[in-house]
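The values are calculated or read from the model by the stated rules, or taken from the named source; none is laboratory data. Bear in mind the structure is a predicted one, so any value in this text is a computation, not a measurement. Note: ideal-geometry Cβ built from the backbone for every residue, glycine included; neighbour counts use all protein chains shown. Only protein heavy atoms, including side chains, enter the accessible area calculation; ligands, DNA and RNA are left aside. Shrake-Rupley method; radii C 1.70, N 1.55, O 1.52, S 1.80 Å.
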Amino acid sequence: MPWRRLAPVLAPGSVPLAAAAGLLLSTAFEPIAFFWSALPAVALFLWTVHGQRARRGALLGLVFGACFMYVNIYWMRAVADAAWLGLAGVEAIFLSLGGALLAVASRWRGWPVWSAVIWLAIEVFRGAWPFSGFTWGRLSFAVVDTPYAAALPWVGSYGVSLLVAATAAGLLWLALDIRARWKPVTGGALVGALLLGLFAALGPRWTTDRTATIALVQGNVPGTAPSSSSTIGR
């Protein structure tokens, strides 16, 4: 397999590649909000852990998670530097667990599917534990104004995260042996595009000309808001 031939070259550089993947994934969220960087970012991280031992995968997941989370929730410094440092560190540990599991699953038959399922499982886990969890950085939170958003009313945010992770894993699977896998991936892409098109055609309308006035209140957070209410239209 091509990735086995690349393994000796990849291994020494896997840590900086995992860091680069985490930083790249952060650009899919605000304030940059360029969703399409999420796909190569997730695929790159999956590549770094592919064929690795669980311990190595955990290390790479920790590096990836730290680079992603410390950038993605930098706004937590508005609460306190300690809150930002502590919360991002805890979230990185979740992704370290994910890295270990992904490394193990990369040796299984049908590993792209297992990789997507494991990614979703980590999102569910860290979004529920401890104390109701922390969902920031979920892949589905970055899909606004993309074709993936059409699936939200049908499969929910977790289902869309699964779709995004599966797309990234499929892209990596294709890249590892593009000549042998071009035809099945092309067929899968056509089916996926058809499903997203059906979601978009049958789903609810997302836009409206109406506006709403809302008030936002959050206690025990330093700083002052520019106003107590805001008018939005979406």
State all residues of the stretch 12-47 that are outside any helix (DSSP H, G or I) and open to solvent by less than 10 Å² (accessible area, probe 1.4 Å); if no residue qualifies, say none.
ALA28
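Taking the conditions exactly as written (among the polar types (S, T, N, Q) and closer than 22 Å to VAL15 by Cα), does SER132 satisfy them or not?
Working: among the polar types (S, T, N, Q): yes; closer than 22 Å to VAL15 by Cα: no.
So SER132 fails the test.
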Quick one: would you say TRP108 is aromatic (Phe, Trp, Tyr) and over 20 Å from ALA43 (Cβ atoms)?
no
For SER96, state whether it is among the hydroxyl-bearing types (Ser, Thr, Tyr) and touching a Phe, Trp or Tyr at 6+ places or on another chain (Cβ under 9 Å).
yes
Selection within the stretch 48-62 - within 17 Å of the chain's Cα centre (by Cα) and open to solvent by 30 Å² or more (accessible area, probe 1.4 Å):
LEU62
What's the number of the condition ALA92 fails, among (1) touching a helix residue (DSSP H, G or I) at 6+ places or on another chain (Cβ under 9 Å); (2) more than 12 Å from MET69 (Cβ to Cβ); (3) of a type outside the set (Ser, Thr, Tyr); (4) at pLDDT 90 or above?
(2)
